[in-house]
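Data block below; observations after.
The values are calculated or read from the model by the stated rules, or taken from the named source; none is laboratory data. From a predicted model like this one, the values you see are computed outputs, not experimental measurements. Cβ coordinates were reconstructed from backbone atoms using ideal geometry, including for glycine residues, and neighbour counts include every protein chain displayed. Only protein heavy atoms, including side chains, enter the accessible area calculation; ligands, DNA and RNA are left aside. Shrake-Rupley method; radii C 1.70, N 1.55, O 1.52, S 1.80 Å.
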Amino acid sequence: LIDANCFIESKNVTNPLDVAISFWAKIKDLALAGRIHSVDKVKAELVSMGDELSQWIKNEIPSSFFYSTSTTDVQQNVADLRNWAASTGQYDNKAIQDFNSSTVADPYLAGYAATDSHNIKVVTNEKAGTGSKHSVKLPDACAQKGVSCLRIMEMLREMGETF
């Protein structure tokens with residue numbers, strides 16, 4: 001499951017849409033083949049930006065790429081993660097409020113992946129254990145549910161993909 005920051009950082013830093021055409025073609029091909037996915041909350045984040053990436057998502061990526069997070073299992077995992085974040089004492093109120101927001105995709109990515117943690121990994125550019133009390137990091141939430149995280153190039157390497 002791909003986090004929004006992988007798309008955003010790729011577009012803004014490492015793989016601009018107008019330069020790294022083969023990178024974006026690979027992502028599209030993998031999405032069309034059903035080998036990679038994300039969740040509806042990530043789509044909402046990306047489309048709300050109203051930029052060239054949001055247009056690319058709308059025009060190039062099938063709706064089937066984005067899994068629904070409205071299932072009971074996912075919602076229970078999200079509730080568990082929110083309770084964990086609030087009870088650790090590690091995060092300030094703003095971090096907990098942000099993590100609890102229905103528009104923030106991170107708990108939904110971790111919650112969806114936790115429904116099948118042996119087969120689903122989360123792909124993110126966030127790093128675990130940064131110790132920030134101002135932000136709940138996605139890899140830390142994933143760790144609470146036994147979900148593996150990796151970066152996008154690690155994902156492509158693990159899948160044996162080149163471009």
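Just one of (1) closer than 15 Å to ASN5 by Cα; (2) out of contact with any strand residue (DSSP E or B) (no Cβ under 8 Å at 6 or more places or on another chain) fails for GLU161. It is (1). Could you tell me which residue of segment 29-69 is farthest from the chain's Cα centre (by Cα), considering only residues that are more than 16 Å from ASP106 (Cα to Cα) and aromatic (Phe, Trp, Tyr)? Result: TRP56. If you filter segment 22-34 down to residues that are closer than 15 Å to VAL123 by Cβ and in contact (Cβ under 8 Å) with a residue 60 or more places away in the chain, you find that the one that is most open to solvent (accessible area, probe 1.4 Å) is LYS26.
Identify, please: which residue in segment 104-163 is among the β-branched types (Val, Ile, Thr) and more than 24 Å from ALA31 (Cα to Cα) and is, among those, surrounded by the fewest Cβ atoms within 10 Å (Cβ to Cβ)? So the residue we want is THR130. Of the residues screened, ALA113 is one that is in contact with a strand residue (DSSP E or B) (Cβ under 6 Å, 6 or more places away or on another chain) and of a type in the set (Gly, Ala, Ser).
For segment 85-129, what are the residues that are charged (D, E, K, R), outside any helix (DSSP H, G or I) and within 25 Å of LEU46 (Cα to Cα)? Selection gives LYS121, GLU126, LYS127.
The set of residues from segment 35-47 being open to solvent by less than 40 Å² (accessible area, probe 1.4 Å) and farther than 15 Å from VAL123 by Cα comprises just one member, LEU46. Search segment 72-103 for residues being among the aromatic types (Phe, Trp, Tyr) and under 17 Å from LYS145 (Cα atoms), and hand back the single one that is surrounded by the fewest Cβ atoms within 10 Å (Cβ to Cβ). Result: TRP84. Within segment 130-163, the set of residues being assigned to a helix (DSSP H, G or I), farther than 17 Å from SER38 by Cβ and of a type in the set (Gly, Ala, Ser) comprises ALA143 only. Flag: GLU60 matches the condition of being surrounded by fewer than 18 Cβ atoms within 10 Å (Cβ to Cβ) and out of contact with any strand residue (DSSP E or B) (no Cβ under 6 Å at 6 or more places or on another chain). One residue alone among VAL19, VAL13 is among the hydrophobic types (A, V, I, L, M, F, W, C) and either assigned to a helix (DSSP H, G or I) or open to solvent by less than 50 Å² (accessible area, probe 1.4 Å) (or both), and that residue is VAL13.
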